[in-house]
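Colleague: So that we are looking at the same thing, I have put the structure below in structure tokens.
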Amino acid sequence: MLRGERYINLFTDFGFKKIFGEEINKTLLIDFLNVLFEDLETITNVTYLKNEHTGHSELDRKAVFDLYCENDKGERFIVEVQRVKQKFFKDRSLYYATYAIQEQAIKGKEWKYELKGVYTLGIMDFTFDERPQNETKLAHYVQLMDTETHEVFYDKLTFLYLEVPKFHKTETELESNFDKWLFILKNLHKLDRIPLALQNQVFQHLFEQAEIAKFNKKERLAYESSLKEYRDLASAIETAKEEAREEGLREGIQEGLEQGLEQGLEQGLEQGLEQGAQKKAFQVAKMAIEEGFNNQVIIKLTGLSNLAIEKIRKKIKHS
């Protein structure tokens, strides 16, 4: 067993798919979705669908979902775990949702464009809404809306983003099932026992499945590898952020000083920070390449294009 840990980290690829993506744990996924999408008719069963999708032509990008399933009504659920902030995260969510929409087209006979609901859930290990007024708002439900009346225009396409780092309740403060699931997402790997507030049938099953000591050798090795990847990535991102922050500030200040005016200093700082952010993406990509990550993962982490990543690979190879 890994030293100091009794239960798995749900933000590792292995941990998330172990708890939510295996047939034996389907009840956990059902309970989780029912809690998060409480306005839906109660989900009683789900069917796991293939998580890899290709477009209609060779030029279309491939989409690989962390988890993809449908309920008995044919409504689709895309579940994505996001460990690192990226520039086009919202665009990516919308792009992925189009696969679940287009595949509903009925071929070979007349189809009237009637669609089943598509629900995208983004579980984020970072915050993307850092405005002061939203510092405690961690759940974002998004639908198409009439901007004048603020009424929902179309309710069959829903996005839910969970900013897990914003959840700060302790186990004694847990009230709703929503609280309990967020607590588990954030803290499972830190626990050494089942909290009193979580001692029901659903969560007892979760803790049994998440206990590392009960894994066979193959599972333990797979988890250790996944955990190492998660930790290495977190370290690389933090290092790149710090270096980019320092370099961006230095360049901004230098450019502002050269212009010699307060306006020049402000513009220099802005430009320097923007350049620093771009350099951060390249630094993260370089570190990820050196750690053995594939292009698809690096695109997800940095927002860089496949072409840009290949150029970095060539540069590293010839350096």
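Colleague: Does VAL79 qualify as being surrounded by fewer than 20 Cβ atoms within 10 Å (Cβ to Cβ) and either at pLDDT 95 or above or in the same structural domain as GLU114 (by TED's automatic domain parsing) (or both)?
Modeller: For VAL79, the condition - surrounded by fewer than 20 Cβ atoms within 10 Å (Cβ to Cβ) and either at pLDDT 95 or above or in the same structural domain as GLU114 (by TED's automatic domain parsing) (or both) - is not met.
Residues checked against (1) under 26 Å from ALA288 (Cα atoms); (2) assigned to a loop (DSSP other than H, G, I, E, B); (3) under 21 Å from the mean Cα position of the chain (by Cα):
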residue: TYR96; (1), (2), (3): yes, no, yes
residue: GLU114; (1), (2), (3): no, yes, no
residue: THR120; (1), (2), (3): no, no, yes
residue: LYS137; (1), (2), (3): no, yes, yes
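Colleague: Please list, ordered by first then second residue, the pairs with beta carbon atoms under 7 Å, 6 or more apart or interchain, first in segment 104-130 and among the aliphatic types (A, V, I, L, M), second part of a loop (DSSP other than H, G, I, E, B).
Modeller: These pairs meet every condition: ALA105/TRP111; LEU115/GLN104.
Colleague: Name the residue, out of LEU160, LEU233, that is assigned by TED's automatic domain parsing to the domain that holds LEU115 and either assigned to a helix (DSSP H, G or I) or of a type in the set (A, V, I, L, M) (or both).
Modeller: That would be LEU160, the only listed residue that is assigned by TED's automatic domain parsing to the domain that holds LEU115 and either assigned to a helix (DSSP H, G or I) or of a type in the set (A, V, I, L, M) (or both).
Colleague: For residues that are in contact (Cβ under 8 Å) with a residue 40 or more places away in the chain and out of contact with any strand residue (DSSP E or B) (no Cβ under 9 Å at 6 or more places or on another chain), scanning just segment 207-218, find the one that is surrounded by the fewest Cβ atoms within 10 Å (Cβ to Cβ).
Modeller: Among those residues, the one meeting the criterion is ALA213.
Colleague: In segment 98-112, which residues are in contact with a strand residue (DSSP E or B) (Cβ under 7 Å, 6 or more places away or on another chain) and either within 30 Å of ALA236 (Cα to Cα) or surrounded by fewer than 13 Cβ atoms within 10 Å (Cβ to Cβ) (or both)?
Modeller: Selection gives nothing.
Colleague: Filter segment 126-135 for residues that are part of a loop (DSSP other than H, G, I, E, B) and out of contact with any Pro (no Cβ under 7 Å at 6 or more places or on another chain); which is modelled with the lowest pLDDT?
Modeller: GLU130
Colleague: Of the residues that sit in segment 184-196 and are in a helix (DSSP H, G or I) and surrounded by fewer than 17 Cβ atoms within 10 Å (Cβ to Cβ), which one is farthest from the chain's Cα centre (by Cα)?
Modeller: Across segment 184-196, the extreme among qualifying residues is LEU196.
Colleague: Please tell me if VAL142 is part of a strand (DSSP E or B) and either surrounded by fewer than 18 Cβ atoms within 10 Å (Cβ to Cβ) or in contact with a Cys (Cβ under 8 Å, 6 or more places away or on another chain) (or both).
Modeller: yes
Colleague: Something else about it: With the requirement that a residue be touching a residue at least 40 places away in the same chain (Cβ under 8 Å) and either in a helix (DSSP H, G or I) or out of contact with any Asp or Glu (no Cβ under 9 Å at 6 or more places or on another chain) (or both), what does segment 287-302 give you?
Modeller: Of everything in segment 287-302, those that are touching a residue at least 40 places away in the same chain (Cβ under 8 Å) and either in a helix (DSSP H, G or I) or out of contact with any Asp or Glu (no Cβ under 9 Å at 6 or more places or on another chain) (or both) turn out to be MET287, ALA288, GLN296, LYS300, LEU301, THR302.
Colleague: Still on this structure, I have one more. Collect the residues in segment 112-165 that are within 23 Å of VAL35 (Cα to Cα) and among the aromatic types (Phe, Trp, Tyr), keeping them in residue-number order.
Modeller: Answer for segment 112-165, where residues must be within 23 Å of VAL35 (Cα to Cα) and among the aromatic types (Phe, Trp, Tyr): TYR119, PHE126, PHE128, TYR141, TYR154, PHE159, TYR161.
The values are calculated or read from the model by the stated rules, or taken from the named source; none is laboratory data. Being a predicted model, the structure only gives us computed values, none of them experimental. A quick note on method: Cβ atoms are made from the backbone with ideal geometry, for glycine too, and the neighbour counts reach across all protein chains shown.
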